[in-house]
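These notes are about the structure you will find just below.
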Amino acid sequence: MKSLDIIKRLYKDYTKRYLNKIIISAFFSLIVAASTASIAYLLDPAIEKIFIEKDQRLMLIIPFAIVIAFAVKGSSLYFAKMTLQKAGMQMQKELQLQIMNSILLTDIEAMNKKHSGKYLSNLTFDVSMVQRLLSDTILLLTKDTLTLIGLLSVMFYQNWRLALFAIIMIPLASVASKSLGKRMGKISTQIQEINGLLTSFVLEIFKNHKIIKIFQKEDFENKRSEKYLEIFKSKAVKVQSVLIRATPIMEILTGIMIGGLIYYAGNLVLKNELEINNFFSFLAAMMLSYQPVRSLATLNMGIQQGISAAKRILPIIDSENLDLNKGKEFNLKNGSIEFKNVNFKYETVERNTLNNLSLNILGGKMTALVGHSGAGKSTIMNLIPRFYDLDDGKISIDEQSIYDVSAQSLRKHISLVSQDTTLFDDTIKNNIIYSKLNASDDEINEVIKLSHCEEFIKKLPNGLDTIIGENGIRLSGGEKQRLSIARAMLKKSQIILLDEATSSLDAETEEKIQNAINYLTKDRTTLVIAHRLSTIINSNKIYVIDEGKVVAEGSHDSLIASSETYKNFYLKQIRKD
Ligand SMILES: Nc1ncnc2c1ncn2[C@@H]1O[C@H](COP(=O)(O)OP(=O)(O)O)[C@@H](O)[C@H]1O
Ligand SMILES: [Mg+2]
C-alpha cells in the first residue's frame, strides 16, 4: 500500500468520524493563533504609547491586555489538545478492538506462523503511533499553521519588506523536514520489528523459566537479552538523533535569520523607513513563529512513523478470516464422520502430513486412533472442527461436507480435550463453565464428580472459586487434565474428541474417568487418541495410523490377529497397567 492510500484509508475508516472533534479543536487552535498574534501585535502600541509617548492610561490597559491574551491562549490550547487527545484515545481503542477481533478469528495456520509477541507489539506500540497521527499531528498541523499565519500577518502589517525577508527561511526548514521524515519512517519500521522480537523473547522467557533454570541458561539468556536490548537501544538512539538533528539546523537557521534581520532593519531605521515600535512587534512575532516553524518541520516524521505503523496494523485488520456463519446450517443426525481420500499438508512443512487417508467414524460409537507419535493422529482430529483447511479429499459429517456448513453450526456439536491442556488464569468454576456459561449448579456438580475433579477441588482453600494461575500453573498435570475433561463433558455435544486426554493420569484415576467417559459418551460419536489398553479395548473400532495413512482397522481382537503393526504397537507402546 502506498502512503497516500494509507492516509486516505485511515481518514475514511477512522479519522472521519472525529471530524466534528477536529473542527472543534481547530476552532480553539484558531483562538490560540489569534491570541499569539495579538501578543506580538500589542508590543507595537505598548512601546509607542508607554515608552515613547508615556501614556498613563495605556500603561495599565496594555499590560492587562497582554495577561488576558496569554490566558486566552493557554486555555484555548488546553481545549484544542484535550479534544484531540480524547478522540485519539477513542480511535486507539477501536483499532485495538479490531485487532483483537481479528486475532480471535485468525485461522490457526496464520497464528502458527507469527509469534504472539509480534501481535502484542502491533497491539500496543503500532497502535499508539497511529493514535498520535490523530492526537498530535492534526493538532500541530492546525494550531501551528494558523499561528504561523497569524504571526506572519503581524509581520507583514509591521513591515512587509522585513516580512518577505523572514519568509525566505521557511521553505528551507521544510526541505530539511522532508528528508528527516523519510529516514524516520524507515527507522520506525526497524524499531517496531525489534520491539516485536523483544516482546516475543520476553514471553518465551516467562514460558520456559523452569527449563532455563535446570539447564542453567541464565547467563545465556542474559546475553541474548543484552543483544536484543542493544539493538533496540541503538535504533532508539537513531530515532532520537534524527529528531534532535532538526534542532541545530533550526537554531542555525534562526540565528542567520535574526542576524540578517537586525542588519537589514538597522538600515531601514537609519533611512527612517522603520519605527522602533514596529520593529519590536515584528521581532516578537518572528521569535514566536520559531516554535510553530520548528514543529511543522518535524511534523513529517510523526506522519511517517504513523504511516509505517498503519502499514503493519491494517493487514491484520484486513486479513481474511474464516467467516463463522458462512454456509448452510449443519444438520446433526448421529454424528458419523467420514474422511475420504484426504490429503493434508501444513503450510510450513514440505511433505504431506496426511496421505490419501480414509476413515469411517461411526456415529454414536467410540473410535480410537492408535499409532506412533508424529503419525498424524492429532492432525486428523484437528481437521474435524475445521481448524485447518483440506488440500484435497473430503470430510463429511452426517453426509454433509464440513466445508459446506457454517463453522459456527458445526463447532456447536463438537467438544475437544486437546493434547496440551489449556486453561485460563481464572477460577476453577469459570474454567469448567467456559464451555457452557449458563450451566446450572447441578450440571456443574455432575461433571465435577464424573471427571473426579471433586477430590482435588475439595482440598483447595476456596474450592470452586480458587484461581488456578496462568494456564493452571497451580495445579498438577493430572488435575489440569481432569478439569479440561470436565469442561468438555459439560458441553454435552454429540461429537467428542479426546486427544490423549487422560495421558497424565495414574492408572486408577484414568480407569475411573474412563468409566465416566464411557457413560457420558454413550450414543455419542467419540474419537479418542490413547495409549492405554483399557481405553482402546473399549472402542468399537480402532484405526492404526502410520505416516499419515491408515495401515489397519478393526476391533482389538481382530487387529491382534490380522495386523503385524498393531501387534507390535500393542506389545511395545500400549500401556497395560
Ligand atoms: N502446526 C503444525 N505445523 C507444522 N507441522 C505440524 C504441526 N502440527 C503437527 N505437525 C507435524 O505433523 C506431523 C503429525 O503430527 P501430529 O498429528 O501431531 O502427530 P500425532 O498426534 O500422531 O503424534 C508431525 O510430523 C508434526 O511434526
Ligand atoms: Mg498428537
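Every residue, every condition in (1) touching a Pro at 6+ places or on another chain (Cβ under 6 Å); (2) assigned to a strand (DSSP E or B); (3) closer than 13 Å to Thr367 by Cα, yes or no:
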{"site": "Val528", "(1), (2), (3)": "no, yes, yes"}
{"site": "Ile542", "(1), (2), (3)": "no, yes, yes"}
{"site": "Ile545", "(1), (2), (3)": "no, yes, yes"}
{"site": "Val550", "(1), (2), (3)": "no, yes, no"}
{"site": "Ile560", "(1), (2), (3)": "no, no, no"}
{"site": "Asn568", "(1), (2), (3)": "no, no, no"}
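Contact list please: Cβ distance under 8 Å, first residue in the range 295-315 and on the phi < 0 side of the Ramachandran plot, second residue not in a helix (DSSP H, G or I), pairs at least six apart or on different chains.
Lys311/Met1; Leu314/Met1
Can you tell me which residue in the range 323-337 is farthest from ligand 2 (Cβ to nearest atom), limited to those that are crowded, with 19+ Cβ neighbours inside 10 Å and within 20 Å of Asp499 (Cα to Cα)?
Gly335
Assigned to a strand (DSSP E or B) and either charged (D, E, K, R) or closer than 30 Å to Leu43 by Cα (or both), is that true of Glu273?
Here the answer is no, as Glu273 does not meet what is asked.
Take the residues in the range 374-406 that are touching a helix residue (DSSP H, G or I) at 6+ places or on another chain (Cβ under 9 Å) and within 14 Å of ligand 1 (Cβ to nearest atom); name whichever of them is nearest to Phe569 (Cα to Cα).
Asn382
Name the single residue, out of those in the range 25-79 being modelled with pLDDT of 90 or more and among the polar types (S, T, N, Q), that is farthest from Leu140 (Cα to Cα).
That would be Ser38.
Report, by residue number, each residue of the range 407-426 that is within 16 Å of ligand 1 (Cβ to nearest atom) and either touching a His at 6+ places or on another chain (Cβ under 9 Å) or over 21 Å from Lys492 (Cβ atoms) (or both).
Gln419, Asp420
Give me the residue from the range 165-188 that is among the charged types (D, E, K, R) and either modelled with pLDDT under 75 or at positive phi (or both) and, out of that set, surrounded by the most Cβ atoms within 10 Å (Cβ to Cβ).
That would be Lys182.
For the range 1-24, give me the residue count where each residue is among the hydroxyl-bearing types (Ser, Thr, Tyr) and either modelled with pLDDT of 95 or more or assigned to a loop (DSSP other than H, G, I, E, B) (or both).
So the count comes out to 0.
Looking for something buried (at least 17 other Cβ atoms within 10 Å of the Cβ), away from ligand 2 (no atom under 16 Å from the Cβ) and in a strand (DSSP E or B) - is there at least one such residue anywhere in the range 396-404?
The answer is yes; a qualifying residue exists.
I'd like to know if the range 415-429 contains one or more residues that are among the charged types (D, E, K, R), farther than 29 Å from Ile380 by Cβ, at pLDDT below 90 and part of a helix (DSSP H, G or I).
no
Just the residues that are in a strand (DSSP E or B) and closer than 16 Å to Leu322 by Cα, please, taken from the range 405-414.
Listed by number, the list holds a single entry, Val405.
So which of Gly363, Gly371 is away from ligand 1 (no atom under 16 Å from the Cβ) and either touching a residue at least 40 places away in the same chain (Cβ under 8 Å) or surrounded by fewer than 16 Cβ atoms within 10 Å (Cβ to Cβ) (or both)?
Gly363
Could you go through the range 92-113 and let me know if any residue there is touching a residue at least 60 places away in the same chain (Cβ under 8 Å) and within 30 Å of Asn277 (Cα to Cα).
So far as the range 92-113 goes, no, none of its residues is touching a residue at least 60 places away in the same chain (Cβ under 8 Å) and within 30 Å of Asn277 (Cα to Cα).
What do you reckon, is Leu270 among the hydrophobic types (A, V, I, L, M, F, W, C) and either within 30 Å of Gln192 (Cα to Cα) or surrounded by 12 or more Cβ atoms within 10 Å (Cβ to Cβ) (or both)?
no
Look through Ser308, Ser225 and report the one residue that is assigned by TED's automatic domain parsing to the domain that holds Glu193, touching a Ser or Thr at 6+ places or on another chain (Cβ under 6 Å) and polar (S, T, N, Q).
It is Ser308.
Of the residues that make up the range 125-134, is at least one part of a helix (DSSP H, G or I), of a type in the set (S, T, N, Q), surrounded by 15 or more Cβ atoms within 10 Å (Cβ to Cβ) and in the same structural domain as Leu296 (by TED's automatic domain parsing)?
Within the range 125-134, one or more residues are part of a helix (DSSP H, G or I), of a type in the set (S, T, N, Q), surrounded by 15 or more Cβ atoms within 10 Å (Cβ to Cβ) and in the same structural domain as Leu296 (by TED's automatic domain parsing).
Looking at Leu464, Leu533, Leu520 in this structure, which one is assigned by TED's automatic domain parsing to the domain that holds Ser435 and more than 16 Å from ligand 2 (Cβ to nearest atom)?
Exactly one residue qualifies, and that residue is Leu464.
Given the options Leu450, Leu497, name the one that is touching a residue at least 60 places away in the same chain (Cβ under 8 Å), touching a Pro at 6+ places or on another chain (Cβ under 8 Å) and closer than 27 Å to Ser539 by Cα.
It is Leu497.
Let me confirm something: among Ala439, Ala486, Ala501, which residue is closer than 21 Å to Asn382 by Cβ and buried (at least 16 other Cβ atoms within 10 Å of the Cβ)?
Being closer than 21 Å to Asn382 by Cβ and buried (at least 16 other Cβ atoms within 10 Å of the Cβ) holds for just one of Ala439, Ala486, Ala501, which is Ala501.
The values are calculated or read from the model by the stated rules, or taken from the named source; none is laboratory data. Since this is a predicted model, take the numbers as computed values, not measurements. Methodologically, a virtual Cβ is constructed for each residue, glycine included, from the backbone with ideal geometry; neighbour enumeration extends over all protein chains shown.
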